[in-house]
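The values are calculated or read from the model by the stated rules, or taken from the named source; none is laboratory data. Note that the structure is a prediction, hence the values are computed from the model and not measured. Cβ placement follows ideal geometry from the backbone for every residue including glycine, while neighbour counts extend to all protein chains displayed. Protein only, heavy atoms only, side chains kept; ligands, DNA and RNA dropped before computing areas. Shrake-Rupley method; radii C 1.70, N 1.55, O 1.52, S 1.80 Å.
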Amino acid sequence: MADIKYYSEEGLQKLKDELHHLIAIERPAAAAAIAEARDKGDLSENAEYDAAKEAQGHLEARISKLQALVANARLLDESKIDTSKVLLLSRIAIRNTKNNARQTYTIVPESEANLKEGKISVTSPFAQAFLGRRAGDVVDVVVPAGKMNFEIISVER
């Protein structure tokens, strides 16, 4: 059975761009490396040839995996997201009730998570604590340091 994953338009485009790069640029380079190593003599004792073939195998596995991901990808329609509560692709502004520190996060599919960009995975315990909640709600989040309370200031798309 297909493993369907959901992506934002930006996330799906990144997958497609990587796949195109691997097929159009990396695959011909791997073939050229194998041909060059083959020209160096006896293949039974040619470590360069073995390394080039192994690298090609890894490349083909990555291409195959990306092709499957793209084939089973589903695009999320951001225009239909309910902004009255926290859902996938919601941008939330939160306030730590203890120290009043404010943070903004976007809840994204797991494959698009990047904390430096403020994108947290929908499968993370932190994001899970906010799902289904509304602006004004105070949420208890269990973190390694203990329990923290956050107030949801706003929910946007």
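Let's see how each residue does on (1) part of a helix (DSSP H, G or I); (2) touching a Leu at 6+ places or on another chain (Cβ under 8 Å); (3) closer than 30 Å to ILE107 by Cβ:
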position	(1), (2), (3)
LYS16	yes, no, yes
ALA29	yes, no, no
GLU36	yes, no, no
GLY41	no, no, no
TYR49	yes, yes, no
GLU54	yes, no, no
HIS58	yes, no, no
ALA61	yes, no, no
LEU88	no, yes, yes
Looking only at the range 89-121, and only at residues there that are under 18 Å from ASP3 (Cα atoms) and of a type outside the set (Gly, Ala, Ser), the one that is most open to solvent (accessible area, probe 1.4 Å): GLU110
Here the qualifying pairs (Cβ atoms under 8 Å; residues six or more apart or on different chains; first in the range 76-87 and closer than 15 Å to SER154 by Cα; second modelled with pLDDT under 70) come out as LEU87/ILE81
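Would you please name the residue that is modelled with the lowest pLDDT, looking only at residues in the range 1-49 that are of a type in the set (Val, Ile, Thr) and open to solvent by 40 Å² or more (accessible area, probe 1.4 Å)? Talk me through it step by step, then tell me what you get.
To start, the set of residues in the range 1-49 that are of a type in the set (Val, Ile, Thr) comprises 4, 23, 25, 34.
If we keep only those that are open to solvent by 40 Å² or more (accessible area, probe 1.4 Å) too, we end up with 4, 23, 25.
Numbers: ILE4: 73, ILE23: 94, ILE25: 94.
My answer is ILE4.
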Got at least one residue in the range 62-74 being touching a Lys or Arg at 6+ places or on another chain (Cβ under 9 Å), open to solvent by less than 70 Å² (accessible area, probe 1.4 Å) and at pLDDT 90 or above? yes
Just to be sure before I move on: is ALA68 closer than 22 Å to SER121 by Cβ and either out of contact with any strand residue (DSSP E or B) (no Cβ under 6 Å at 6 or more places or on another chain) or not hydrophobic (A, V, I, L, M, F, W, C) (or both) in the structure I sent? yes
Which condition does GLN67 not pass, out of (1) over 25 Å from PRO109 (Cβ atoms); (2) touching a residue at least 40 places away in the same chain (Cβ under 8 Å), if it passes all the others? (1)
What's the number of the condition ALA52 fails, among (1) buried (at least 17 other Cβ atoms within 10 Å of the Cβ); (2) within 28 Å of ASP3 (Cβ to Cβ); (3) aliphatic (A, V, I, L, M)? (2)
